[in-house]
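Take a look at the structure set out below.
The values are calculated or read from the model by the stated rules, or taken from the named source; none is laboratory data. Computed from a predicted structure; not experimentally measured. Cβ sites come from the backbone with ideal geometry, for glycine too, and all protein chains shown count toward neighbours.
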Amino acid sequence: MRCIAFTGFLGSGKTSVILATARALGARGQRVAIIENERGAIGVDGPYLEAQGLGVREISDTCICCDLQSSLGHTVRLIDSLYHPEWLLLEPSGVAHPDELANTIEDDAMPGTEWRLVALLDAIRFGRLWADQAGLGYLLRWQIERAELVLLTKTDAVAAEQQALIEATISGVRPEVKIVPLTRSPEAGELVLAALEEVAAC
Amino acid sequence: MLKAGSAARRVSLHFDPPQTSEEVAGMIEEYLQAVDRQLQSMDASWVGHCKLLIDVAGAVVYGSITMAGDDVRWTGAMLPMVPHAEVTVYAAIYNLSDEQVAGVLDKHLPQLMQAAV
């Protein structure tokens, strides 16, 4: 089972990218399961994805990377045994630390799974977040450090020069990481899958 | 560990007579802008996600703002006329508490509900 964890800040576009990726996989005839980790008793992303015809399992009111580490492994094993998906798409909450999430995945040692961490960085807010090196910028740096693939979202809302500057900043931290600019286009899901295949082939 | 305060509310909006999708979208945008102003009074450069799931007869629309002064971004399209909508509003904001975020959502919900009746 290929498992993709999409890390990113609150509002970085994780749910939209997961929806686009799931649709692209569905169009290829692949079975997909989604795990949503939302804080709070009432979720929005899970019901939204369900309304789009997707099966979703939620881990609510906790953070999978730090509060309740056993939940992720248990949920992954449960989904695998019940649905036998070929792909599992995981949306951690916006407070998940990528390093702790990676450790949770390693510690849980889920047999038969192949994990990849994908970071979603929002082009509109990148400058504001990056400047806050003692706060949110610190997490942003970790997202870049741990990602095997960076999806630069909302690039339709920034100028080409600004996008180039953001890409140069990311490459300054991780010169080898693949960066894919992404907008809400019908091709978004296929772009993500193509990038994942390229990363897997490396 | 990074903290974010979160809260969610669900409300049913009834429109008599039915409103156009543009009118309903306008009400929702006014609500989000009021929430933004209130959040800015607590943190002038807040970052997070305040989003609304609007279900009109099974057609789901998603609108959200993600930082102070943000424009509302929409996904999906509502039916042309809206007699009734189920609205779920969710906000998760970095460096605020659950209670602060809940207070912001609750302060402006009556205004949204009054506009709908």
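Name the single residue, out of those in the stretch A:1-60 being within 14 Å of chain B (Cβ to nearest Cβ) and part of a strand (DSSP E or B), that is modelled with the lowest pLDDT. Filtering first and then ranking leaves A:Glu58.
Identification of strands (runs of 3 or more DSSP E) wholly contained in the stretch B:1-105 with 1 or more residues that are closer than 24 Å to A:Ala157 by Cα yields B:47-56, B:59-67, B:73-75, B:81-94. Give the residue that is farthest from A:Ile170 (Cα to Cα), with candidates limited to residues of the stretch A:103-121 that are under 12 Å from the mean Cα position of the chain (by Cα) and away from chain B (no Cβ under 13 Å). Top of the filtered list is A:Trp115.
Examine the stretch A:95-105 for a residue that is among the aliphatic types (A, V, I, L, M) and at pLDDT 90 or above, and state whether such a residue exists. Looking through the stretch A:95-105, none of the residues is among the aliphatic types (A, V, I, L, M) and at pLDDT 90 or above. The residue of the stretch B:29-74 that is farthest from the chain's Cα centre (by Cα), among those that are more than 9 Å from chain A (Cβ to nearest Cβ) and aromatic (Phe, Trp, Tyr), is B:Trp46. With respect to being out of contact with any Cys (no Cβ under 8 Å at 6 or more places or on another chain), under 25 Å from A:Gly29 (Cα atoms) and loosely packed, with under 15 Cβ neighbours inside 10 Å, A:Glu197 fits the description.
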